[in-house]
Structure formats: structure tokens, C-alpha cells
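The values are calculated or read from the model by the stated rules, or taken from the named source; none is laboratory data. Just so it is clear, the structure is predicted and the values come from calculations on it, not from any experiment. No Cβ is skipped: glycine too gets one built from the backbone with ideal geometry, and neighbour counts run over all protein chains shown. Keep in mind that these areas ignore ligands, DNA and RNA; they rest on the heavy atoms of the full protein, side chains included. Shrake-Rupley method; radii C 1.70, N 1.55, O 1.52, S 1.80 Å.
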Amino acid sequence: MVSTLSTEELHILSTKATAAKEAAYCPYSKFRVGACILTHSGEYIVGANVENASYPVGTCAERVAFGTAIVSGHRDFKAIAVATDIKPPASPCGMCRQFMREFTTPSFPIYMYDKDGNYTVKTMSELLPDSFGPDHLPK
């Protein structure tokens, strides 16, 4: 079950994720990605992909957004939007899915926007079935 966002929250989330693409540093792939996280406290935190000449060193927009949120003290997230310039919308890569799972629950919603602003929404468990997170590790 995907949590429901208000019309205003969804509009702001999509607008900020789409705008974040402008900050993408992707001279190699030319594949711009923007992301925006909505915290339960109502803050919006953005990220964009940042590539590197040593290809594996690049960082995806989702991980930039979550890293920024975490170092800013946030730990409680309501949703994320990811925007690209392609159609249909692109989903987060496998590394980002596991990274996001560290800080979310299986019911966490991921809104994926295409180049025309249309979106698909899936939960973390739909994108990463049978996942594990910190709640699965011994204390």
C-alpha cells in the first residue's frame, strides 16, 4: 500500500525533482536525473546525478538526496520523486534501491517521472522484493 500524498505535496515533490535535473553533472552519459525527498517534517531535499571520468565513481541523484538528508539530520521520510528525460519513467538503479532501503520501509513510495511529467509510483518492496534493512540485523 502506497502512502498518500496531498495534491500540493505531490506537486512540490515533482516540481523540485524535475528542477533538480538542471543541476545534474552528466557530461558522459548525458542522462540527467533529479530527485526530491519529502521528509515527515515537511522538508523537501533535492539531489542530482554527479558523474566522474572514472565511471563507477559517479553518484546517482537518489543517493545524493538521501546523503544530503541524512547529514542534515533527517531520518524519517515520506516519499521520493525521481525525474528523468526519458519515457517511460526510469526507476532507481539496484544500488540506489538498496541504499534507500537503509532509510525507508517496504511501503515507502517512489514516484518516477518521465520527460512529459507523467509518473508511475511503486513501493520500495515492489522495486526491491524480499529486501533487508537495518531492522533485520542483530542488535
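Let me check something: with ligands and nucleic acids excluded, how do Asp130, Asp85 order by accessible area (1.4 Å probe), largest to smallest?
I get Asp130, Asp85, largest accessible area first.
Over the chain, with a Gaussian network built from C-alpha contacts below 10 Å, which listed residue (Ala35, Ala90, Ala61) shows the highest mean-square fluctuation?
Ala90
Write down the radius of gyration of the range 1-50 and its Dmax, each obtained from C-alpha positions, in Å.
Just the Cα atoms of the range 1-50 yield Rg and Dmax of 12.4, 38 Å.
For the full complex of protein chains and a 1.4 angstrom probe, list Lys122, Lys115, Lys139, Lys78 by accessible area with the highest value first. List each step's numbers first, then the result.
On the way: Lys122 80, Lys115 120, Lys139 220, Lys78 50 Å².
Result, largest first: Lys139, Lys115, Lys122, Lys78.
Rg to Rh ratio, the chain, alpha-carbon atoms and Kirkwood radius?
0.95
Leaving ligands, DNA and RNA out of it, work out the accessible area of Leu10 with a 1.4 Å probe and give it in Å² to the nearest 10.
30 Å²
Taking the Cα atoms of the range 63-139, what is the range of coordinates along each of the three principal axes, in descending order and whole Å?
Sorted from largest, the Cα extents of the range 63-139 read 45, 29, 19 Å.
With r defined as the distance between the Cβ atoms of Val71 and Asp116 and R0 fixed at 41 Å, what FRET efficiency is calculated, to the nearest 0.05?
Working: r = 33 Å, r/R0 = 0.81.
For Val71 and Asp116, the calculated efficiency is 0.75.
Leaving ligands and nucleic acids out of the surface, order Lys30, Lys21 by accessible area at 1.4 Å, largest first.
Correct descending sequence by accessible area is Lys30, Lys21.
Add -39500 (n - 2.57) for each DSSP H run of 4 or more in the chain, then divide by its residues: what number comes out at 222 nm, to the nearest 500 deg cm²/dmol? Spell out each step's value before the answer.
On the way: 4 runs with 37 residues, N = 139.
Calculated from helices alone, the mean residue ellipticity at 222 nm is -7500 deg cm²/dmol.
Could you tell me the accessible area of Met95 in Å² (1.4 Å probe, neighbours in place), rounded to the nearest ten?
So the heavy atoms of Met95 present about 120 Å² to solvent.
Across the range 36-53, in residue order, what do the Karplus-derived ³J(HN,Hα) couplings come to in whole Hz, using 6.51 cos²θ - 1.76 cosθ + 1.60 with θ = phi - 60° and x for Gly and Pro?
9, 9, 9, 8, 5, 7, x, 8, 10, 10, 9, x, 9, 5, 10, 8, 8, 4
Using a 1.4 Å probe on the protein heavy atoms only, what accessible surface does Val71 show? Give it in Å² to the nearest 10.
Approximately 130 Å² for this residue.
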